[in-house]
Amino acid sequence: MSDLDLFSEAPRGDRRRRRPAAVPQRRRRKRRSGKAAFLFAMAFLVAIVGTGGVLGAAWLDNRLHPPDYSGEGTGSVTVQVAEGATGQAIGTALHEHDVIKSVAAFLKVYAGETRASGIQPGFYQMRRKMSSRAAMTLLLDPKSRAGNQITIPEGRRAGEIYELLAKKTGISAKKFQAAAKNTKALGLPKYADGKVEGYLFPGRYDLDPNASAPQILKAMVARFKDEAQKVGLEEKAGDVGLKPGEVVVLASLLQAEGGTEEDYPKIARVLYNRLHAGRKLQLDTTVLYALNKRTLHVTYKDTAVRSPYSTYYVKGLPVGAIDSPGAAALEAALKPADGDWLFFVTTDPSTGHTEYGTTDADFTRMKNELDKWLAAHPDG
């Protein structure tokens with residue numbers, strides 16, 4: 001066979017027999033594979049749609065009928081409703097203690113209860129595995145309140161606070177005194193120098209019925225640190241020439257001396273002016289703290305007490321705070337009013353009316369007015 005024969009075309013008859021037979025076979029294969037792919041795609045789509053329908057129905061049913069326990073529940077568990085808690089927050093707290101089966105079920109009940117917004121903060125004695133409706137009923141029942149709500153007034157000394165807590169909790173004042181000695185465990189700020197006085201923040205507390213004396217005092221110290229952060233105590237102390245702990249001491253003096261909150265910034269200015277002038281503060285309230293007394297009648301003999309807390313005895317600030325100052329006193333200690341006063345006297349303790357002066361004559365006049373009030377109120 002020649003090279004030419006290798007490249008020559010096949011006879012025409014052969015071309016007509018081979019090619020028509022090959023083309024229909026390939027087309028049939030393509031039609032079969034295309035049909036199979038279509039059927040597979042349809043089957044897959046049906047499966048997806050079907051599964052989605054089942055899941056969608058389950059999701060919708062869960063939304064309309066969230067899982068919930070039935071009945072009144074069993075056992076006992078204490079749950080706290082925090083100050084300002086939303087329905088979501090309350091439901092979450094209940095769910096974490098296995099009181100309710102789902103937050104969604106509780107929120108459905110919460111949304112339909114017109115009194116729900118009146119749920120008070122505090123501790124509640126609940127049961128485990130309750131229906132959301134039964135849980136709501138207990139939350140609206142004042143008898144379910146398990147904790148002790150107490151308000152610590154501003155200006156109370158640590159010892160007085162222990163007595164108030166003892167009456168409310170049944171824990172002896174001695175246990176609170178003992179707990180206060182372990183100052184490290186209470187989480188006191190470093191600038192407290194290990195002194196609890198001044199750092200048990202006043203205000204309303206919902207006490208856990210299961211809390212111990214150290215836990216209660218630690219919560220009060222934590223509250224102080226929150227308030228101190230709000231007023232910028234550590235950042236702003238340098239602006240008034242004091243250390244953070246000294247600001248707390250001065251704030252405690254304002255709390256003890258101030259007739260009204262409006263007077264705090266003015267009294268703060270008097271104290272700063274006397275400190276800068278190198279004059280003793282000479283505050284009766286510091287004498288009374290040193291003597292552990294409460295009275296408006298302070299004698300010259302009282303002012304002679306030799307104590308690092310008495311500002312008749314020491315020059316400058318006393319060695320520590322003399323009570324628990326509130327937020328207003330802390331803020332006034334950091335933002336004193338403008339003025340050149342060197343004296344102040346609350347001339348009418350019944351109303352808190354306070355007067356200010358710059359000279360010894362001003363002080364004598366104001367002191368005479370106070371003496372008249374004291375003479376008229378021997379038991380004041």
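Of note:
- Counting only residues that are under 14 Å from residue 287 (Cβ atoms) and among the small types (Gly, Ala, Ser), region 306-340 holds 2 of them.
- The criterion of at least 3 residues that are closer than 27 Å to residue 161 by Cα is met, among helices (runs of 4 or more DSSP H) falling completely within region 266-356, by 284-291, 327-334.
Every residue, every condition in (1) buried (at least 17 other Cβ atoms within 10 Å of the Cβ); (2) at pLDDT 95 or above, yes or no:
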residue: 135; (1), (2): yes, yes
residue: 143; (1), (2): no, no
residue: 150; (1), (2): yes, no
residue: 154; (1), (2): yes, yes
residue: 157; (1), (2): yes, yes
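- Some residue of region 193-211 being of a type outside the set (A, V, I, L, M, F, W, C), under 18 Å from residue 281 (Cβ atoms) and surrounded by 19 or more Cβ atoms within 10 Å (Cβ to Cβ): yes
- Yes/no for residue 340 being farther than 30 Å from residue 226 by Cα and of a type in the set (Asp, Glu): yes
- Taking region 80-116 as the range and being in a loop (DSSP other than H, G, I, E, B), in contact with a Lys or Arg (Cβ under 8 Å, 6 or more places away or on another chain) and buried (at least 20 other Cβ atoms within 10 Å of the Cβ) as the test, only 99 passes.
- Conditions (1) more than 23 Å from residue 285 (Cβ to Cβ); (2) free of Cβ contacts under 8 Å to residues at least 60 places away in the same chain; (3) buried (at least 16 other Cβ atoms within 10 Å of the Cβ); number of the one not met by residue 187: (3)
- Pairs are defined by a Cβ separation below 8 Å, a sequence spacing of at least 6 or placement on different chains, a first member in region 96-109 that is in the same structural domain as residue 134 (by TED's automatic domain parsing) and free of Cβ contacts under 8 Å to residues at least 40 places away in the same chain, and a second member that is of a type in the set (A, V, I, L, M, F, W, C) and assigned to a loop (DSSP other than H, G, I, E, B); the pairs so defined are 99/130; 100/130; 106/100.
- No other residue among 131, 102, 117, 144 is among the hydroxyl-bearing types (Ser, Thr, Tyr), over 30 Å from residue 285 (Cβ atoms) and touching a Leu at 6+ places or on another chain (Cβ under 9 Å) apart from 144.
- Set 105, 111, 134: member being on the phi < 0 side of the Ramachandran plot and within 27 Å of the chain's Cα centre (by Cα): 111
- Test: residue 313 is surrounded by 15 or more Cβ atoms within 10 Å (Cβ to Cβ) and either over 38 Å from the mean Cα position of the chain (by Cα) or of a type in the set (Ser, Thr, Tyr) (or both): yes
The values are calculated or read from the model by the stated rules, or taken from the named source; none is laboratory data. Because the structure is a prediction, the values reported are computed rather than measured. Using ideal geometry, Cβ is built from the backbone for each residue, glycine included, and neighbour counts are taken over all protein chains shown.
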